[in-house]
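Asker: Sharing a structure below in structure tokens format, with a few things to ask.
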Amino acid sequence: MGFALLALLVACGSSPETQPTDSSSATVTLTVSAASDLNAVFPKIAQLWEEETGHQVVFNLGSTGQLAQQIAQGAPVDLFAAANQKFVEDLDKKGVVISETKALYGVGRITLWHREDSALNLQQLQDLTRPEIKRVAIANPDHAPYGVAAKEALQSVGIWDEIQPKLVLGENVRQAQQYAESGNVDVAIAALSISLNRPGQWVLIPEALHQPLVQMLVIPKAAPHPEIAQDFARFINGPQGRPLMQNYGFRLPSED
């Protein structure tokens, strides 16, 4: 501690040893980097937590791969909620997250989604090869778990190569659905958590066609408020957060 700061503390009748060090004693704002499939449900969970604790949450929503890269570079993020546990495990191997805070919080699903005013009647992925469907949006599989799942599903039914000329890549799964909402594409392979809460028509893609979207959260070592972030993480996986996750189409991880 510098001499000037020490002198100021003494002049005020305080010493460095008597200053509060527990950040939980004051209201703080958490920065939460979260996968874009959480853009509807996480703010609702945060609102309940804010009402209960007085703390605030600011979200940085985007592609899991891009968010993970930011955290690997030391971004001051309090909590990272990934759309695939692999990205969290990779960060753990790099030593940039607090290993004991890793926790599964949900399993996502993908859908075929198009606008309500569309005349399309889609029942299965193979319908995407129909000539009247000109453009199909998916999240970029290079860094978005929901894009990886879309690619795997298209490969499973044997149409990945055929569908290539139609594909439009979004930075994340929310952007892919926005392309369909705006009419810039005919169909999007979207997240169930988003499809459930947007006006449109959708059909669930069989989970057996792709690897499970097992989603995991963790607290980075660079977190400014790790103790309070842990409290919010427990809230997400607690009796108030879990029902909301179910309402938005997530399957809850098993207790073990």
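The values are calculated or read from the model by the stated rules, or taken from the named source; none is laboratory data. Keep in mind that this is a model prediction, so the values were computed, not measured. Here the Cβ positions follow ideal geometry from the backbone for every residue, glycine too, while neighbour counts run over all protein chains shown. What goes into the accessible areas is simple: the full protein's heavy atoms, side chains included, and nothing from ligands, DNA or RNA. Shrake-Rupley method; radii C 1.70, N 1.55, O 1.52, S 1.80 Å.
Asker: So for the stretch 91-98 (the condition being open to solvent by 10 Å² or more (accessible area, probe 1.4 Å), within 26 Å of Glu152 (Cβ to Cβ) and acidic (Asp, Glu)), does at least one residue qualify?
Answerer: Checked the stretch 91-98: at least one residue is open to solvent by 10 Å² or more (accessible area, probe 1.4 Å), within 26 Å of Glu152 (Cβ to Cβ) and acidic (Asp, Glu).
Asker: May I ask you to list the residues in the stretch 100-130 that are polar (S, T, N, Q) and closer than 27 Å to Leu244 by Cβ?
Answerer: Of all residues in the stretch 100-130, those polar (S, T, N, Q) come to 101, 111, 118, 121, 123-124, 126, 129.
If the condition is that a residue be polar (S, T, N, Q) and closer than 27 Å to Leu244 by Cβ, then Thr101, Thr111 are the ones that fit.
Asker: Pairs, please: C-beta under 8 Å, at least 6 apart or cross-chain, first residue within 16 Å of Gln155 (Cα to Cα) and in the stretch 191-216, second among the charged types (D, E, K, R)?
Answerer: Ile205/Arg109; Glu207/Arg109; Leu209/Glu152; His210/Glu152; Gln211/Glu152
Asker: Still on this structure: Please verify whether Val57 is in contact with a helix residue (DSSP H, G or I) (Cβ under 8 Å, 6 or more places away or on another chain), at pLDDT 95 or above, under 24 Å from Gln246 (Cα atoms) and of a type in the set (Val, Ile, Thr), treating the condition exactly as stated. Can you show your working first?
Answerer: Values: in contact with a helix residue (DSSP H, G or I) (Cβ under 8 Å, 6 or more places away or on another chain): yes; at pLDDT 95 or above: yes; under 24 Å from Gln246 (Cα atoms): yes; of a type in the set (Val, Ile, Thr): yes.
Yes.
Asker: Something else: From Tyr146, Tyr179, grab the single residue that is modelled with pLDDT of 95 or more and either open to solvent by 20 Å² or more (accessible area, probe 1.4 Å) or among the acidic types (Asp, Glu) (or both).
Answerer: On inspection, the qualifying residue turns out to be Tyr179.
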